[in-house]
Amino acid sequence: MADQPYYVTTPIYYVNDKPHIGHAYTTLACDVLARFHRLDGDDVHFLTGTDEHGQKVEKSAQAAGVDPQTFTDQVSENFRTLAAEMNYSNDDFIRTTEARHLHSTQELWRKIRDNGHIYLGSYAGWYAVRDEAFYAESELTKNEKGDRLAPSGAEVEWVEEPSYFFDLSKWQQPLLDFYAANPDFIGPDTRRNEVVSFVAGGLNDLSVSRTSFKWGIPVPDDPEHIMYVWLDALNNYQTAVGYPDTESDLYSKYWPADLHMVGKDILRFHAVYWPAFLMAADLAPPKRVYAHGWLLNRGEKMSKSLGNVVTAGDLVGRYGLDPVRYYLLREVPFGQDGYISHETMVGRINGDLANDLGNLAQRVLSMIAKNCDAKVPQPQPLTDDDTTIIGAATNVLGTVRDEFERQAFHRGLEAIWKIVGDANRYVDAQAPWELRKSDPDRMATVLYVLADVIRRLAILVQPIMPGSASSMLDQLAIPADARSFAALGSEPAVTPGAELPKPSPVFPRFVDEEAAG
Ligand code: MSP
């Protein structure tokens, strides 16, 4: 449906560390959805940013020997660089140290407090700085040295201090009712079931302020306390659309958010705490939270301590931007954990991209350049085979839309590549090179049909590979205003007689220098 608001968010990333491909992966998925919805005519707001408060960031700043603000200014910049490097199309970049966020989050606190859901007490329990999370004794395990570890493997420390609490225990039934009434709220389904059973098992009130360090947003009317970093961080999604001004154009248009994309490690914060905070403030929870899996390198989640960190720059420098964007969303079924490797990367680049899509475009465009005076050929009436392939390339949009709506990127891409395969088989069956002498009119028609199929494929892959798709569309002389999904079904498609530039390959093969020796 055109003109619908669509608000999609990434997690805001901790500025304790440089970004790696895992961070790039989450934002990439959101970028693809944002671009897809824009091409579908929707009014998109795509947000990313950085999570700059809390003990973890404060400690990292201390370790770096600089004050937290200087530190966060530096590290936050790395995430902006990543956005440029990966060609993300975010509309906003939020930092939780901005004034707009301080104001918004203090107002949210006031609202929850005034509604009677925050009380003063004292916290005594375990806290993992790495996760910025509280854990019950029963959740912990011990390592060989006898240190207690959180389920994530993070070390925990004993914390005892005055603290404000949020009455999370009272939200068990409202949350369960909310999940039941909104079956699409959490995806994928396996994760949804985990969250529902966690909540059904009972909820404890949540400590939402700390007094033992300073780097955070002060609690209104009691600045000795600073807010729990997750309450602060989650509210970025509202700040960016104008909260507390719920009457503003931005807020009324975009809230509740259509999708919070997160890694599975932070689902509980988004699918349990966040809707509870919002309900406690009489605000609407987001429409959907999707938890994707981890990208694993050598079988482990990437981490600095394991020394298996791969950055987006490493991959892009070696394989090129659009191939990396394609690979990440095609290779690993979205939602599951998956491995990335040089072998599978090269397989996708040389198979799906160079041989299948690239070669299709290259051979058709070269034939047009050689045999049709470098102009889009004039077709004769189309045969059933012609209309079948054009129809398939048009109708696949419906499948792709459905799959992307469920964040099944790999399946959407598979559907597009089925059409690429059909188109290559059509070329082989029609053998336009044999028609050159025997039936030049038919050759012109076949090349016209193919040019039009390639146009549709290029339009479809724009969200995933914007640069390569645009180069394909340039080579077909498709004007900028005829590249949206609405143009997929338009006739005439490519314009007979239009002059085409000299074709150049869009997806070169990857030549493995080590293997080539
Ligand atoms: N600051 C919190 C999020 C607050 S959102 C209100 C946080 N930040 S983080 O820097 O640790 O980034 C977490 C997100 O990065 C994960 O949820 C996930 O989306 C992404 N990833 C980090 N490592 C990853 C992999 N190895 N693989 C896939 N995604 C990964 O948590």
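The values are calculated or read from the model by the stated rules, or taken from the named source; none is laboratory data. Given the structure is predicted, the values throughout are model-derived calculations rather than measurements. A quick note on method: Cβ atoms are made from the backbone with ideal geometry, for glycine too, and the neighbour counts reach across all protein chains shown. Keep in mind that these areas ignore ligands, DNA and RNA; they rest on the heavy atoms of the full protein, side chains included. Shrake-Rupley method; radii C 1.70, N 1.55, O 1.52, S 1.80 Å.
Go over the candidates ASP245, ASP282, ASP322, ASP265 one by one and state the one that is more than 21 Å from PHE404 (Cα to Cα) and part of a helix (DSSP H, G or I). Reasoning before the result, please.
Numbers: ASP245 fails: part of a helix (DSSP H, G or I); ASP282 fails: part of a helix (DSSP H, G or I); ASP322 fails: more than 21 Å from PHE404 (Cα to Cα).
The conditions single out ASP265.
If we scan segment 219-227, do we find a residue that is within 14 Å of the ligand (Cβ to nearest atom), at pLDDT 95 or above, in contact with a Ser or Thr (Cβ under 7 Å, 6 or more places away or on another chain) and within 17 Å of THR10 (Cβ to Cβ)?
Looking through segment 219-227, none of the residues is within 14 Å of the ligand (Cβ to nearest atom), at pLDDT 95 or above, in contact with a Ser or Thr (Cβ under 7 Å, 6 or more places away or on another chain) and within 17 Å of THR10 (Cβ to Cβ).
When you look at VAL66, is it in contact with a Leu (Cβ under 7 Å, 6 or more places away or on another chain) and either more than 30 Å from HIS225 (Cβ to Cβ) or open to solvent by 20 Å² or more (accessible area, probe 1.4 Å) (or both), yes or no?
It is false that VAL66 is in contact with a Leu (Cβ under 7 Å, 6 or more places away or on another chain) and either more than 30 Å from HIS225 (Cβ to Cβ) or open to solvent by 20 Å² or more (accessible area, probe 1.4 Å) (or both).
Quickly run through segment 101-128 and pick out the residues that are open to solvent by less than 70 Å² (accessible area, probe 1.4 Å) and aliphatic (A, V, I, L, M).
LEU108, ILE112, ILE118, ALA124, ALA128 - these are the residues of segment 101-128 that are open to solvent by less than 70 Å² (accessible area, probe 1.4 Å) and aliphatic (A, V, I, L, M).
To keep it simple, each residue is scored yes or no on (1) touching a residue at least 12 places away in the same chain (Cβ under 8 Å); (2) under 23 Å from GLN106 (Cβ atoms); (3) open to solvent by less than 30 Å² (accessible area, probe 1.4 Å).
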site: ARG130; (1), (2), (3): yes, no, no
site: GLY153; (1), (2), (3): no, no, no
site: SER207; (1), (2), (3): yes, yes, yes
site: ILE217; (1), (2), (3): yes, yes, yes
site: HIS225; (1), (2), (3): yes, yes, yes
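Inside segment 1-98, counting only strands (runs of 3 or more DSSP E) that do not spill past its ends, which hold 1 or more residues that are closer than 23 Å to LEU328 by Cβ and within 13 Å of the ligand (Cβ to nearest atom)?
By residue number, 5-9, 43-51.
Here is a list: ARG325, ARG348, ARG318. Which entry is more than 12 Å from the ligand (Cβ to nearest atom), open to solvent by less than 20 Å² (accessible area, probe 1.4 Å) and among the basic types (Lys, Arg)?
ARG325
Go through VAL461, VAL427 for me and flag whichever is open to solvent by less than 10 Å² (accessible area, probe 1.4 Å) and out of contact with any Leu (no Cβ under 7 Å at 6 or more places or on another chain).
VAL461
Return a yes/no flag: does segment 167-180 have any residue that is outside any helix (DSSP H, G or I) and open to solvent by 30 Å² or more (accessible area, probe 1.4 Å). Can you show your working first?
First pass over segment 167-180, keeping only residues outside any helix (DSSP H, G or I): 167.
When the remaining residues are screened for being open to solvent by 30 Å² or more (accessible area, probe 1.4 Å), the result is none.
So far as segment 167-180 goes, no, none of its residues is outside any helix (DSSP H, G or I) and open to solvent by 30 Å² or more (accessible area, probe 1.4 Å).
Only residues that are near the ligand (Cβ under 8 Å from one of its atoms) and among the acidic types (Asp, Glu): list them for segment 253-303, please.
ASP265
Looking at SER197, SER248 in this structure, which one is closer than 27 Å to PRO333 by Cα, away from the ligand (no atom under 15 Å from the Cβ) and without any contact (Cβ under 8 Å) to a residue 60 or more places away in the chain?
Of SER197, SER248, the one residue that is closer than 27 Å to PRO333 by Cα, away from the ligand (no atom under 15 Å from the Cβ) and without any contact (Cβ under 8 Å) to a residue 60 or more places away in the chain is SER197.
Starting from segment 418-446, take each residue that is closer than 15 Å to LEU382 by Cα and of a type in the set (Lys, Arg) and list its partners that are assigned to a helix (DSSP H, G or I) and open to solvent by 20 Å² or more (accessible area, probe 1.4 Å), counting only C-beta distances under 7 angstrom and pairs at least six apart or across chains.
Hits for this filter: ARG442/LEU435.
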